[in-house]
Amino acid sequence: MALLPILTLALALQGTTRTIAIDERLAADAGLRVGDRIVVASEPGGAGDTVIIAAITARTADPSEIARDEYRVRLHLDHLQQVIGYGDRVDRFAVATPDASATDRALDAINDVAFGFRAHRSQDVAIETSQTFRVVSRFHRAIGVITIVASAIFLLCILLLKVDERRRDVAALRLVGISRRTVLGAVVLEAAFIAFVGSLAGTGIGGLASAAVNAYYQAHYRTPLRFSIVTPDIVILAAVLSITLGIVAGTLAALRLVRARPLALLGR
């Protein structure tokens, strides 16, 4: 029976200590763990409240948080108001709606309440805060187009040289009665196969490079955000472009030989 008052007092004392949640970056840098007691104050070195760390939250894959080198601490709303002395005011808040029509009605209702604040869709806010990534994406797209054009020209030059080295082979095939169409088809088929193998090698190299980029920048910024993604659409596009460019380059290179006379290919 004597343990009951002591237990009641312990629970009462525990209930007076507020709990907070901190992000994993703060926990790693400060060496904090769940259950540790820290002091939360509105100013460095000022008087504050002793709180218990109840949870450590993981960072979300949000592009807008990459450039912010800051820590996050989550408190109960009444506790936050007490610590910062901000009163019944907020800088921003989020409202969840069931569908798009409800979102439109909520926007109109909130914006018509008073002058001085504005409601926005979360999607619009995300797009606005991700403008830097949109610019980088367009820059990468431009680099990709230039790379494709340059690689197409390089591939055509290589195939012209390789096919030109087989002048005697093509001349021998023509002299034994092999038609121009058959020779042309064989060269184009070989070029398409080489392009297909090259696309597979390029996909593997791209996957390894993407993994290396993600490993470095995720560790640097300590975020789960993926900076480089190799999707099936990209792989299919790369394979189609590679095979198409190979066929076109092989056709142009083969036409240069099959249109010539066999004896001219032999230098006579």
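The values are calculated or read from the model by the stated rules, or taken from the named source; none is laboratory data. All of these numbers come straight from a predicted model, not from anything done at the bench. Reconstructed Cβ throughout: ideal geometry from the backbone, glycine too, with neighbour counts over all protein chains shown.
Here are a few things to note about the model shown:
- Of all residues making up segment 214-227, the number that are over 18 Å from E65 (Cβ atoms) and surrounded by 14 or more Cβ atoms within 10 Å (Cβ to Cβ): 0
- For F196, the conditions (1) under 14 Å from I66 (Cα atoms); (2) in contact with a helix residue (DSSP H, G or I) (Cβ under 7 Å, 6 or more places away or on another chain) all hold with the exception of (1).
- Reported count of residues in segment 147-178, each being exposed (fewer than 10 other Cβ atoms within 10 Å of the Cβ) and of a type in the set (V, I, T), is 1.
- The residue that is surrounded by the fewest Cβ atoms within 10 Å (Cβ to Cβ), counting only those in segment 103-124 that are part of a loop (DSSP other than H, G, I, E, B) and modelled with pLDDT under 80, is G116.
- The residues of segment 66-102 that are of a type outside the set (D, E, K, R), in contact with a helix residue (DSSP H, G or I) (Cβ under 9 Å, 6 or more places away or on another chain) and at pLDDT 80 or above, listed by number, are Y71, V73, L75, A94, V95, T97.
- Here segment 229-250 is the region considered, the condition is being surrounded by fewer than 16 Cβ atoms within 10 Å (Cβ to Cβ) and of a type in the set (S, T, Y), and the residue that is farthest from the chain's Cα centre (by Cα) is T244.
- Yes/no for A102 being over 27 Å from the mean Cα position of the chain (by Cα) and either in the same structural domain as A219 (by TED's automatic domain parsing) or hydrophobic (A, V, I, L, M, F, W, C) (or both): yes
- Any chance R259 is more than 30 Å from E70 (Cα to Cα) and loosely packed, with under 15 Cβ neighbours inside 10 Å: yes
- Looking across segment 144-182, just one residue is assigned to a loop (DSSP other than H, G, I, E, B), more than 15 Å from A260 (Cβ to Cβ) and among the small types (G, A, S), and that is G177.
- Put simply, of A209, A191 the only residue that is assigned to a helix (DSSP H, G or I), of a type in the set (G, A, S) and more than 24 Å from S228 (Cβ to Cβ) is A191.
- For G35, the stated conditions do not hold, so it cannot be described as of a type in the set (G, A, S), exposed (fewer than 12 other Cβ atoms within 10 Å of the Cβ) and under 24 Å from T223 (Cβ atoms).
- Pick from segment 38-69, criterion of a type in the set (V, I, T) and surrounded by 12 or more Cβ atoms within 10 Å (Cβ to Cβ), ranking: nearest to Y217 (Cα to Cα): I66
- Residue match in segment 126-144 (condition: surrounded by 13 or more Cβ atoms within 10 Å (Cβ to Cβ), touching a residue at least 60 places away in the same chain (Cβ under 8 Å) and among the polar types (S, T, N, Q)): yes
- Test: residue in segment 1-18 that is under 19 Å from R72 (Cβ atoms) and modelled with pLDDT of 90 or more: no
- Residue match in segment 210-230 (condition: within 21 Å of F154 (Cβ to Cβ) and out of contact with any Leu (no Cβ under 9 Å at 6 or more places or on another chain)): no
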